[in-house]
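Working notes, beginning with the structure itself.
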Amino acid sequence: MQTVDIIVIGTTVMLMLGVIVIILVMLQQKQVIQHKLVIRDKDLQLQRERLIAVLQGQEQERKRIAEDLHDEVGAQLSVLKLNLGGLQPLLKTGNGETERLKETKDFADIIIQQLRFISQSLHPQALENLGLAHALDSFCNLMNKNKQVKIAFKTAGNGQTVDREKALNVYRVVQELLNNILKHAEATEVLITYQTTPSLLTINVEDNGNGALLPSLADSRKKTGSLGLKNIESRLNIIGGNITFTSRTPQGTIASISVENYQAPTQNS
């Protein structure tokens with residue numbers, strides 16, 4: 001065998017060994033990447049489960065407080081109002097006592113109304129009994145009693161029942177949007193449009209304010225203990241939802257919430 005043949009054979013073998021080494025390294029890197037992806041997916045799933053557990057704990061505590069307010073404090077205030085009404089025939093006229101009693105009754109009415117609003121905000125009973133659309137409509141009616149802003153609610157669709165977990169998270173998102181509109185947007189009118197198709201739930205929250213809704217939500221992300229945009233995104237991520245913000249003409253903001261496959265699973269008879 002000539003020297004040239006030996007060199008060619010040796011070079012070929014070295015090249016083959018080099019290719020084999022490269023392939024082995026690539027396979028090893030692929031396995032490492034796959035392992036990291038598996039770990040990342042597990043971490044994301046763990047974070048999601050922890051977030052769900054935290055939110056469920058919050059909802060249970062809200063429900064307990066709302067029931068205590070309604071059953072205990074609300075009942076006591078109702079009794080107070082009845083007692084005040086019973087005092088009216090006993091008061092003398094002409095010395096201002098009747099007027100003061102009326103003012104006290106009116107003040108009690110205001111407290112009862114505010115208590116109902118707080119209880120409804122903490123735990124929307126209509127959500128469990130009547131569904132998401134009715135719960136949002138009821139919440140808007142309560143908000144309108146404060147007369148800070150005029151809120152209109154419109155609905156269109158097939159009336160399909162929304163999954164309970166998804167309905168609760170969407171309700172909290174709309175609630176957070178309205179709270180931020182009241183605090184920062186300086187709006188006088190808000191329009192909530194509720195639309196459903198067999199596969200998609202869409203809710204638009206449209207205000208005629210100063211356009212400060214999104215900046216206020218983004219700023220709240222930086223504050224410790226604040227909800228805002230982080231809370232909205234977390235709740236929507238749990239249920240596979242999405243939210244976008246666009247400017248409204250001539251002024252204001254439109255927040256669009258969308259949730260696919262929102263319907264409650266059908267129960268087989």
* Structure fact -> Among residues of the range 49-91 being in contact with a helix residue (DSSP H, G or I) (Cβ under 8 Å, 6 or more places away or on another chain) and β-branched (Val, Ile, Thr), the residue modelled with the highest pLDDT is Ile65
* In this structure, does Phe117 turn out to be surrounded by 15 or more Cβ atoms within 10 Å (Cβ to Cβ), modelled with pLDDT of 80 or more and either under 30 Å from Leu84 (Cα atoms) or in contact with a strand residue (DSSP E or B) (Cβ under 9 Å, 6 or more places away or on another chain) (or both)? -> no
* Among residues belonging to the range 92-114 that are part of a loop (DSSP other than H, G, I, E, B) and of a type outside the set (S, T, N, Q), point out the one that is modelled with the lowest pLDDT. => Gly94
* Select, from Thr202, Thr249, the only residue that is modelled with pLDDT under 90 and open to solvent by 10 Å² or more (accessible area, probe 1.4 Å). => Thr249
* Asked: Does Leu24 fit the bill of being assigned to a helix (DSSP H, G or I), at pLDDT 75 or above and touching a helix residue (DSSP H, G or I) at 6+ places or on another chain (Cβ under 9 Å)?
  -> no
* **Candidate set: the range 162-193, residues that are within 15 Å of Ala133 (Cβ to Cβ) and basic (Lys, Arg); chosen: the one modelled with the highest pLDDT** => Lys166
* To do: Look through the range 98-114, keep the residues that are acidic (Asp, Glu) and open to solvent by 60 Å² or more (accessible area, probe 1.4 Å), and return whichever of them is farthest from Ser78 (Cα to Cα).
  => Glu99
* Structure fact -> Condition set open to solvent by less than 20 Å² (accessible area, probe 1.4 Å) and outside any loop (DSSP other than H, G, I, E, B), scope the range 127-161, selection modelled with the lowest pLDDT: answer is Met143
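The values are calculated or read from the model by the stated rules, or taken from the named source; none is laboratory data. Keep in mind the model is a prediction, meaning the values are calculated, not measured. Quick reminder, even Gly has a Cβ in these numbers, built from the backbone with ideal geometry, and neighbours come from all protein chains shown. Please note that ligands, DNA and RNA were not included when accessible areas were found on the heavy atoms of the full protein model with its side chains. Shrake-Rupley method; radii C 1.70, N 1.55, O 1.52, S 1.80 Å.
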